[in-house]
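Chemist: The structure's right below; bear with me while I get my questions together.
The values are calculated or read from the model by the stated rules, or taken from the named source; none is laboratory data. In this text the structure is predicted, and so the values were computed from the model without any measurement. A quick note on method: Cβ atoms are made from the backbone with ideal geometry, for glycine too, and the neighbour counts reach across all protein chains shown.
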Amino acid sequence: MRKEIKILAVITVVVILAAVIGASYYRSSIQSKRKPMTTANSSLIREDSPTLGAADAPVTIVEFLDPECESCAAFAPVIKKILKEYDGKVRLVVRYMPLHPNSLTAATFTEAAGEQGKYWQAQEMLFQKQPEWGTKHGPQPTAQADVNTLFEKYAMELGLDINKMDQAFAENKYAAKLARDRKDGQSLGVTRTPTFFVNGRQLARLGEADLKSLINEELKR
């Protein structure tokens, strides 16, 4: 009788341990499925891509943008609003898809500003002042000399070190990064800006409601 009790006790312990291990494995599996996108599990994100929001956010929005794109400038306040509304749940990663005459110059400006801790301020300024420096829809685009003068003015308004900024332009410091982003975008089928990916899923139609819907779907996963 005692022997049977001991055997029963051992079986009970084994069953309990199996249940605990199974539950632990299940939780681990769920967490891994909801793990936010990183450079390790997504070619959409590069280690040096500008990022805004919580690093452990369950939803990652990757935006391929062009600083000279009017639609990017118009949609920027929507992105800011969404990041505030989904604080802690969503992060933004910026990639470049330069498609306009002054795009590379503008992207270089924001990257150089980022090295001085003013990336997002520079991006916001260029979007707000886009009518001043952006290519006009007409026969006379903005002259490059005028653009350079304007950017120097913006740099001073942001309190940036002009010498460091000039050096970044002289060395064409971010050419490889910008070329890489363009290549990544092309490989993903990006043909216009802005183009968004939410946890790797491309947004089919540009709009606040559509973007929120995709975010909410990912949060429910």
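Chemist: Mind counting the residues in region 50-61 that are under 17 Å from GLU111 (Cα atoms) and of a type outside the set (S, T, N, Q)?
Modeler: So the answer is 2.
Chemist: A further question follows. Looking at region 209-221 only, could you name the residues that are assigned to a helix (DSSP H, G or I) and not hydroxyl-bearing (Ser, Thr, Tyr)?
Modeler: Listed by number, the residues that qualify are ALA209, ASP210, LEU211, LYS212, LEU214, ILE215, ASN216, GLU217, GLU218, LEU219, LYS220.
Residues checked against (1) modelled with pLDDT under 95; (2) part of a helix (DSSP H, G or I); (3) over 23 Å from ALA113 (Cβ atoms):
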| residue | (1), (2), (3) |
| --- | --- |
| ARG27 | yes, yes, yes |
| GLN31 | yes, yes, yes |
| MET37 | yes, no, yes |
| SER42 | yes, no, yes |
| ILE45 | no, no, no |
| ASP48 | no, no, no |
| ILE61 | no, no, no |
| PHE64 | no, no, no |
| GLU68 | no, no, no |
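Chemist: Continuing with this model, one more query. Take region 97-125 and flag every residue that is outside any helix (DSSP H, G or I) and either of a type in the set (A, V, I, L, M) or over 18 Å from LYS80 (Cα atoms) (or both).
Modeler: MET97, PRO98, LEU99, HIS100, PRO101, ASN102, GLN116, GLY117, listed by residue number.
Chemist: Give just the number: which of (1) modelled with pLDDT under 50; (2) surrounded by 15 or more Cβ atoms within 10 Å (Cβ to Cβ); (3) β-branched (Val, Ile, Thr) does VAL13 not satisfy?
Modeler: So VAL13 meets the others, but not (2).
Chemist: Of everything in region 90-99, what is surrounded by 18 or more Cβ atoms within 10 Å (Cβ to Cβ) and either over 14 Å from the mean Cα position of the chain (by Cα) or closer than 22 Å to ALA57 by Cβ (or both)? Give them in sequence order.
Modeler: Result: VAL90, ARG91, LEU92, VAL93, VAL94, ARG95, TYR96, PRO98.
Chemist: So, one more: Can you pull out the helices (runs of 4 or more DSSP H) entirely within region 126-208 that have at least 2 residues that are of a type in the set (Phe, Trp, Tyr) and either surrounded by 11 or more Cβ atoms within 10 Å (Cβ to Cβ) or at pLDDT below 95 (or both)?
Modeler: Hits in region 126-208: 144-157.
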